[in-house]
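Peer 1: Here's a structure for you.
The values are calculated or read from the model by the stated rules, or taken from the named source; none is laboratory data. What you are looking at is a predicted structure, and each value in this text was computed from that prediction instead of being measured. Every residue, glycine as well, gets a Cβ built from its backbone with ideal geometry; the counts of neighbours run over all protein chains shown.
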Amino acid sequence: MLERAVRDVRTALESGRVTPSTRTKFQAVALLLRDERARIRAADISESQRTARLKRLDDIATALAKNAVRHPALLALLAEDAVVSDEARSLEREMLRRAGIEAPAPEPEPVEEAPAAPAKPAVVPQSVISRQMANPFLAPDYSAVRPSGPRPTPLTSWELLDPLLRSFERAGDGTPACMPLPAPTSRKVPGGRELMPHQARLVAAAADGHRTFLLADEPGLGKTAQALLAAEAAKAYPLLVVVPNVVKTNWLREAGLWATRRSATAIQGNGDSVDGFADIVVVNYEVLDRHVGWLGDFGFRGMVVDEAHFIKNKTSQRSQHVLTLAERIRSFTARPLLMALTGTPLINDIEDFLAIWEFLGWIDEKKPRPDLMDALTETGLTPADPGFATAARRAVIDQGIVRRRKVDVAADIPARRVADLPVELDGATGRSIRAAERDLARRMVARYTDALAARGSDPAEGIDHDLVRRVATWEQKDAAGASNGDNVFTMMRRIGQAKAALAADYATQLARSAGKVVFFAKHVDVMDAAEETFARQGVRFSSIRGDQTPAVRQRNIDAFVDDPGVAVAVCSLTAAGVGINLQVASNIVLAELTWTAAEQTQAIDRSHRIGQSEPVTAWRIIAAQTIDARIAALIDDKAGLAATALDGSEEEVGSSTDAQHATLVALLTDALSA
């Protein structure tokens, strides 16, 4: 029945117009697919039956998503916070009855009432309780907060939020949406690092007393470092950071680089491993609902929301949690640091920024708050006056909007750079990969030990590095001739498969905030998984693979280059790494690692070539706490200073065999040292 319904949707969409009945059937089928998946997972059937049924169900879901890729109105119905129409619920029940399944009774109509405050979880992490008991003076000081009651002004009776939004559409005059920023006094930071000039200017603004920022720099301009150092300048610790799951590990890494005097912790799952004494607490949107209670009482003096466009829908649960936490922080800190980070340009869907402005404390649900209201009053204008839009836009920008593009600060940043983005492989897949890595290390240790015993050597005399290299060579030869089992090649492929969806998620964020993106992978199954993710998220893509005819390949290249609606080029590293021009994009996602720096450089040079007007950033997705991170470091080491200093250099500074051997040597050496 579901397959027939998907065919009906496809036939209706071929007319090119999405009718209300098509939307209803699309949403009903999507709801049934979700419920059927849950029913099959819980059913008392054999594992093989469950796998077969889930695969068939996934095929139907994929077909449904692919049919809707060109229709954003349909894809919006798949969002977790999409409103389910009464018609869709009714059709869902009717389809269940036709299938012979008892439909659940419809839920009673909700009674409208004021939204309740989020309930605290039953259990607070023990380390947080220990922190509170260790220092009772950490409790919030509500006496420090200024009263924020309404102050009558000549604009009090005017409707202002819509004119403020419209001012960004009508009164731009080509001027950048960026507040005046002071010149930095210094660009040096603890740990011997140095800020780029545009980064240092924002940190200087925080040091001068500015406390709210909508930091909308394009990806690749270092928003994370700016946020961490602004918190240091504003003494905004403890600091809460709310992020998408894909960048949570990267925030911990960046905190170690830029906030060297501060400790950082991430909330995982139920928070059992959280460090209650940390200065920086990182939590992802997906688990925020479990922790909003104790986080609201923690006593944060600053809050950063990364990829802040995630909260654009104010009715969604995650948006409500973020807004609640920000209000709690404002209630006990007179001037907290509040930062919203997003690369999304301000002129696109400006209504989405109402939630961000509310998070920053510039507006409430109905009107500007006192600081913005005072700035608007000082203009001496009302929405009826001709010059109001320009003055209002300037007043909002001066509250803390900072927007720089790569092309604006090209002198600050390298023309081409590689930025690593570590991600955590959670769940059973991550555990399986780490277990396979341990098994590989144990197998090599056993070969090393047996070789020592055969020649009568004493293992206590230290590591025989010559023997380590020989054992690595044996393992490498065995792996090259093996078609299965856990070895360095199969592990890298499994890691690539596990990273595929995470890398595609990040590419989607880049495409929506900075324009076209080139996505590189080595293996076909990784490309397939990424393309399925793009289809589910409504991102149009071109596929450039080795098994295509020259005509199909060129047609897909032209679609990416010429069609503004095609956001991502999904490319094979071997088939698309040479010979094509993709300089229409300045952001590249490397979902899988290459074995040599030359392969990596070739891929980046598809965009970094004559005709490219912006600095190019290659985002290398690294699986943290796996062999992936070790290989990345080895490839970089073998690149050599000369090759990395020359843009476009294709000098072969190490073969793939060298990198594979060095990886095995490092893995065995670490295992023996432990």
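Peer 1: Being assigned to a helix (DSSP H, G or I) and aliphatic (A, V, I, L, M) is the filter here; which residues of the range 441-467 pass it?
Peer 2: Taking the range 441-467 and keeping what is assigned to a helix (DSSP H, G or I), we get 441-454, 459-461, 465-467.
Scanning the range 441-467 gives 441, 444, 445, 446, 451, 452, 453, 454, 460, 467.
Peer 1: So, one more: Return yes when residue 217 is of a type in the set (D, E, K, R), touching a Lys or Arg at 6+ places or on another chain (Cβ under 6 Å) and either modelled with pLDDT of 90 or more or not assigned by TED's automatic domain parsing to the domain that holds residue 615 (or both) and no when it is not. Give the steps one after another, and end with the answer.
Peer 2: On the way: of a type in the set (D, E, K, R): yes; touching a Lys or Arg at 6+ places or on another chain (Cβ under 6 Å): yes; either modelled with pLDDT of 90 or more or not assigned by TED's automatic domain parsing to the domain that holds residue 615 (or both): yes.
So residue 217 fits the description; yes.
Peer 1: May I ask you to list the residues in the range 28-74 that are closer than 29 Å to residue 542 by Cα, exposed (fewer than 13 other Cβ atoms within 10 Å of the Cβ) and among the small types (Gly, Ala, Ser)?
Peer 2: 73
Peer 1: Under the condition of being modelled with pLDDT under 75 and of a type in the set (Val, Ile, Thr), which residue from the range 60-94 is farthest from residue 20 (Cα to Cα)?
Peer 2: The residue in question is 69.
Peer 1: Is it true that some residue in the range 425-440 is in contact with a Lys or Arg (Cβ under 9 Å, 6 or more places away or on another chain), assigned to a strand (DSSP E or B) and of a type outside the set (Val, Ile, Thr)?
Peer 2: Filtering the range 425-440 down to residues in contact with a Lys or Arg (Cβ under 9 Å, 6 or more places away or on another chain) leaves 425, 429, 432-433, 436.
Retained after the next criterion (residues that are assigned to a strand (DSSP E or B)): none.
Taking every residue of the range 425-440 in turn, none turns out to be in contact with a Lys or Arg (Cβ under 9 Å, 6 or more places away or on another chain), assigned to a strand (DSSP E or B) and of a type outside the set (Val, Ile, Thr).
Peer 1: While we're on this one: Which one is surrounded by the fewest Cβ atoms within 10 Å (Cβ to Cβ) among residues in the range 250-265 that are over 19 Å from residue 223 (Cα atoms) and not charged (D, E, K, R)? First the steps, then the outcome.
Peer 2: Restricting attention to the range 250-265, the residues satisfying the condition of being over 19 Å from residue 223 (Cα atoms) are 261, 263, 265.
Next, from what is left, pick out any that are not charged (D, E, K, R): 263, 265.
Numbers: 263: 15, 265: 21.
Checked the range 250-265; the qualifying residue surrounded by the fewest Cβ atoms within 10 Å (Cβ to Cβ) is 263.
Peer 1: Of the conditions (1) closer than 21 Å to residue 307 by Cβ; (2) in contact (Cβ under 8 Å) with a residue 40 or more places away in the chain, residue 235 clears all except one; give me its number.
Peer 2: The single condition residue 235 does not satisfy is (1).
Peer 1: Taking only the range 491-507 into account, find how many residues are more than 18 Å from residue 626 (Cβ to Cβ) and surrounded by fewer than 23 Cβ atoms within 10 Å (Cβ to Cβ).
Peer 2: Counting residues in the range 491-507 that are more than 18 Å from residue 626 (Cβ to Cβ) and surrounded by fewer than 23 Cβ atoms within 10 Å (Cβ to Cβ) gives 1.
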